Amino acid sequence: MSSSPVSVLVDRRPSAPPLLSPAVSGDAASWVAEHRDDLRALVQEEGRVLIRGLPLRDAAEAAAVFRALADGLMTEREAFAPRHSYADGVYSSTPWPPTQPMCMHHELSYLLEFPGLMLFACLTPPTRGGATAVADSATVLEALPPSLVQRFEREGWMLMRTYNDEIGASVAEAFGTDDRGAVESYCRAQGIEFEWQPDGALCTRQRRSAVLHHPVTGQRCWFNQIAFLNEWTLAPDVREYLVDVYGADRLPFTTRFGNGEPIDEDVVQVINEVYEANTLREPWQAGDLLLVDNIRTAHSREPFEGPREVIVGMADARRLEDCRPTVEVRGR
């Protein structure tokens with residue numbers, strides 16, 4: 001693959017994402033629009049790139065940069081926690097306790113149509129920690145135990161959710177409506193099994209591929225949220241509380257093997273250890289813009305102290321069926 005002109009200016013470091021530090025005069029959106037093709041080519045080459053030194057001061061400027069880069073911003077569906085929406089397709093980072101990590105994952109990898117490009121803009125960096133770290137999914141795939149990969153390729157993975165109004169996103173927040181008929185139609189179209197409980201709670205199950213092929217490069221990629229949304233990734237006291245309150249079969253969210261069997265704690269530990277061994281991290285600075293190929297690169301959010309404001313956009317919708325999934329999903 002030929003290099004983009006801006007790629008020669010990139011600082012490629014072994015423990016951090018590639019860094020581009022341009023001299024920008026004028027507003028950020030104009031500079032990004034001028035270099036749009038080069039920046040997008042750079043993301044395709046590297047899988048992720050951090051652009052430092054842009055004059056990004058508020059959500060409106062971040063939104064203008066996102067729109068200058070993206071082939072259309074996506075509206076989030078099936079979020080596991082509600083975000084603040086600044087504008088169409090422009091969101092706050094996911095609310096999550098600052099003392100707890102958000103482990104490596106690929107955004108919305110349980111959807112039939114998911115973002116191909118993630119955009120993160122830092123307006124206020126934390127005083128300590130809080131990096132949005134990244135990991136190459138093809139490298140992670142090669143480092144995982146072959147027998148585990150083979151099982152997930154054969155069976156896929158399953159996301160199980162129980163929606164309520166207390167923990168995580170409500171039905172209305174996740175599906176954009178609380179109309180039962182509309183929710184059921186959406187689930188059928190997306191290959192999601194659903195069941196309404198006597199108390200009104202909605203339980204869903206959706207089986208997805210754990211390994212995909214990148215639609216542009218053909219590269220095999222570990223692409224899922226198996227570890228991140230699994231109960232064993234939660235802090236022990238949080239897990240114990242949720243199991244006690246909701247029961248092991250009605251947790252707000254957890255993951256299983258594609259045949260429905262529980263995933264043991266040691267499997268989750270192995271996945272997270274492989275992610276950590278292949279993690280690239282760089283502390284946020286005000287004005288940073290991080291572009292991430294969502295299929296090729298997983299991302300996380302590390303614990304932090306102090307205020308932290310990172311604006312998020314999702315773009316370049318990709319269809320599961322175009323990524324050569326290993327398990328079949330039938331929507332209606």
Among strands (runs of 3 or more DSSP E) completely within segment 86-147, the ones holding 1 or more residues that are surrounded by fewer than 22 Cβ atoms within 10 Å (Cβ to Cβ) and more than 15 Å from the chain's Cα centre (by Cα) are 113-124
Inside segment 34-68, the number of residues satisfying the requirement of being under 22 Å from the mean Cα position of the chain (by Cα) and in a helix (DSSP H, G or I) is 16
Being open to solvent by less than 20 Å² (accessible area, probe 1.4 Å), within 13 Å of Ala16 (Cβ to Cβ) and outside any strand (DSSP E or B) is the filter here; which residues of segment 285-302 pass it?
Asp288
If I ask for residues that are over 11 Å from Tyr163 (Cβ atoms) and either surrounded by 16 or more Cβ atoms within 10 Å (Cβ to Cβ) or of a type in the set (Lys, Arg) (or both), which ones from segment 191-210 would you list?
Gly191, Ile192, Arg205, Gln206, Arg207, Arg208, Ser209, Ala210
Per the filter on segment 223-237, residues more than 16 Å from the chain's Cα centre (by Cα), among the aliphatic types (A, V, I, L, M) and surrounded by 13 or more Cβ atoms within 10 Å (Cβ to Cβ) are Leu234
Residues of segment 178-190 being at pLDDT 95 or above and surrounded by fewer than 18 Cβ atoms within 10 Å (Cβ to Cβ), in sequence order, are Asp179, Arg180, Gly181, Ala182, Glu184, Ser185, Arg188, Ala189
Looking for whichever is at pLDDT below 95, under 30 Å from Gln190 (Cβ atoms) and either among the acidic types (Asp, Glu) or open to solvent by 30 Å² or more (accessible area, probe 1.4 Å) (or both) here; the options are Gly53, Gly72. Which one fits?
Gly72
When Ala169 is evaluated against the numbered criteria (1) open to solvent by 30 Å² or more (accessible area, probe 1.4 Å); (2) part of a loop (DSSP other than H, G, I, E, B); (3) at pLDDT below 95, which criterion, by number, is the only one it fails?
(1)
Per the filter on segment 195-250, residues charged (D, E, K, R), out of contact with any Ser or Thr (no Cβ under 8 Å at 6 or more places or on another chain) and closer than 23 Å to Ser147 by Cβ are Arg207, Arg220
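The values are calculated or read from the model by the stated rules, or taken from the named source; none is laboratory data. The structure displayed is predicted, hence computed values, not measured ones. Positions of Cβ are backbone-derived with ideal geometry, glycine not excepted, and every protein chain shown enters the neighbour counts. For the accessible areas, the whole protein counts, side chains as well, though only heavy atoms, and no ligand, DNA or RNA atoms are used. Shrake-Rupley method; radii C 1.70, N 1.55, O 1.52, S 1.80 Å.
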